[in-house]
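Heads up, the thing below is written out as structure tokens.
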Amino acid sequence: MQLQSFLATKPLFYDEIDYARMPKAYQSIASHLTLPKIIHIVGTNGKGTTGRFLAQMLLSNGLQVGHYTSPHILKFNERIWLSGEDANDEMLEQAHTELLSWLEPSMAESLSYFEYTTLLAMSIFCKTCDYVILEAGLGGEFDATNVFPKCLSIVTPIGLDHQSFLGQTIEEIAQTKINSATGDIVLAKQYDANVHPIALAKVKKLKSRLYDVNDFFDKTFSSKLDVYSDKFGLPTYLKENFRTALCALNVLGYDCNLDIFSPVVLQGRCQKLLPNVTVDVGHNVMAAEALVANLGEKKVILVYNSYKDKDFRTILKILKPVVEEIQVIEIDSPRAADKRDIYAAAKALELPISSFVTIQSDKEYLVFGSFSVVEAFLKGLSEK
């Protein structure tokens, strides 16, 4: 069975998660894998762009680098990046055939979508990579990506998201994410004071080191980084992700020549798609706050939808100062919120709301709400 057909049989989420399944699956095929050095990224926001910045920096040092990120926007291949390019279809099918030959059929069948694709990615990366950057899917301690030994853990900003899986407070969420660390930790700028003590306690227990990005660079170099980021038009939160990646690069023993290095932002992250259209796959409170800070006094038409498990009422309240009106785009997902609830939330905030039809050249648009929202918008553009 070809990869996409095989993945279509797998649930994206289980009602009950078997935390022992992925370690068993990995151990059953470990003899086939010669692991590269692995950098593990956990956090709520910024994992994808931080990982891609770091991958590009390592590549600029002449190293072969893999970057595993999720979810994808338009094509599965986006999840597996290998030294500058997404994995091609032939590479994926070959790895899929090989992986199925290693796994017991019952084990292959039992793995979730994310568990299987994590093993698939690693089977590809093991062939050529010096370093692999693995982005956790959901959580940290029990995430499928955490079965591999790592040389460094990066913790991006932590906020409230996926509370039904990770905990109801920042402290609970931070604990399960930071528990994944087994050695040195690079801690990105945090927006909740409760995160730092948890990271500090973890490295003390491990007898490892904590590298706080806030304190890592001196004032002179920090000013240089600000000028560099402004040159490439990076919004504030992407500036912070770049700093985190550069800190991790230095911790690993490498440097980056900013005079010649050009950052490439991962698709869908505060991306200027058209002169009047910005798309962002963010979908939580922290992402909304970052976008408001970036937009400043600008007013936009918000092309929006949400999953039902997201706090879209709070998100829309945060976005209200920059929103002229909301236009709801249809998304194809069983997780989609009831449109009536989104309309009710907009009405409570006294925000005009209607269905999205098309963009107008004289209006400014922000497409935001989830990967599914950006996917629907991009597919709609390609069909015109």
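Of Leu54, Leu35, Leu82, Leu74, which residue is more than 29 Å from Met107 (Cβ to Cβ), among the aliphatic types (A, V, I, L, M) and modelled with pLDDT of 95 or more?
On the way: Leu35 fails: more than 29 Å from Met107 (Cβ to Cβ); Leu82 fails: more than 29 Å from Met107 (Cβ to Cβ); Leu74 fails: modelled with pLDDT of 95 or more.
Result: Leu54 is the single residue among Leu54, Leu35, Leu82, Leu74 that is more than 29 Å from Met107 (Cβ to Cβ), among the aliphatic types (A, V, I, L, M) and modelled with pLDDT of 95 or more.
State the number of residues belonging to segment 148-169 that are modelled with pLDDT under 95, touching a Leu at 6+ places or on another chain (Cβ under 7 Å) and either open to solvent by less than 20 Å² (accessible area, probe 1.4 Å) or part of a loop (DSSP other than H, G, I, E, B) (or both).
Residues that pass the stated criteria total 1.
Determine whether segment 56-79 contains at least one residue that is out of contact with any strand residue (DSSP E or B) (no Cβ under 7 Å at 6 or more places or on another chain), touching a residue at least 24 places away in the same chain (Cβ under 8 Å) and loosely packed, with under 14 Cβ neighbours inside 10 Å.
There is no residue in segment 56-79 that is out of contact with any strand residue (DSSP E or B) (no Cβ under 7 Å at 6 or more places or on another chain), touching a residue at least 24 places away in the same chain (Cβ under 8 Å) and loosely packed, with under 14 Cβ neighbours inside 10 Å.
Here is a list: Tyr19, Tyr26, Tyr68. Which entry is touching a Leu at 6+ places or on another chain (Cβ under 6 Å) and under 16 Å from Ala144 (Cα atoms)?
Tyr68 is the lone residue from the list that is touching a Leu at 6+ places or on another chain (Cβ under 6 Å) and under 16 Å from Ala144 (Cα atoms).
I'm told Phe232 meets every condition in (1) surrounded by 18 or more Cβ atoms within 10 Å (Cβ to Cβ); (2) within 22 Å of Leu58 (Cα to Cα) except one. Can you identify the failing condition by its number?
All conditions pass for Phe232, except number (1).
Find all pairs meeting these conditions: Cβ atoms under 6 angstrom apart; at least six residues apart or on different chains; first residue within segment 303-318 and open to solvent by 40 Å² or more (accessible area, probe 1.4 Å); second residue modelled with pLDDT under 95.
What qualifies is Lys308/Ala337; Thr314/Val285.
Within segment 38-56, which residues are touching a Phe, Trp or Tyr at 6+ places or on another chain (Cβ under 7 Å) and either farther than 26 Å from Ile170 by Cβ or assigned to a loop (DSSP other than H, G, I, E, B) (or both)?
Initially, segment 38-56 is screened for residues touching a Phe, Trp or Tyr at 6+ places or on another chain (Cβ under 7 Å), giving 38-39, 46, 53, 55.
Answer for segment 38-56, where residues must be touching a Phe, Trp or Tyr at 6+ places or on another chain (Cβ under 7 Å) and either farther than 26 Å from Ile170 by Cβ or assigned to a loop (DSSP other than H, G, I, E, B) (or both): Ile38, Gly46, Ala55.
Quick check on this structure: which one of Val328, Val367, Val322, Val374 is hydrophobic (A, V, I, L, M, F, W, C), buried (at least 20 other Cβ atoms within 10 Å of the Cβ) and more than 22 Å from Asp309 (Cβ to Cβ)?
Details: Val328 fails: more than 22 Å from Asp309 (Cβ to Cβ); Val367 fails: more than 22 Å from Asp309 (Cβ to Cβ); Val374 fails: more than 22 Å from Asp309 (Cβ to Cβ).
Only one candidate passes the filter, namely Val322.
The values are calculated or read from the model by the stated rules, or taken from the named source; none is laboratory data. As the structure is a prediction and not an experimental result, all values here were calculated from the model. We place every Cβ from the backbone using ideal geometry, glycine too, and count neighbours over all the protein chains shown. We work out accessible area using only protein heavy atoms, side chains counted, and drop any ligands, DNA or RNA first. Shrake-Rupley method; radii C 1.70, N 1.55, O 1.52, S 1.80 Å.
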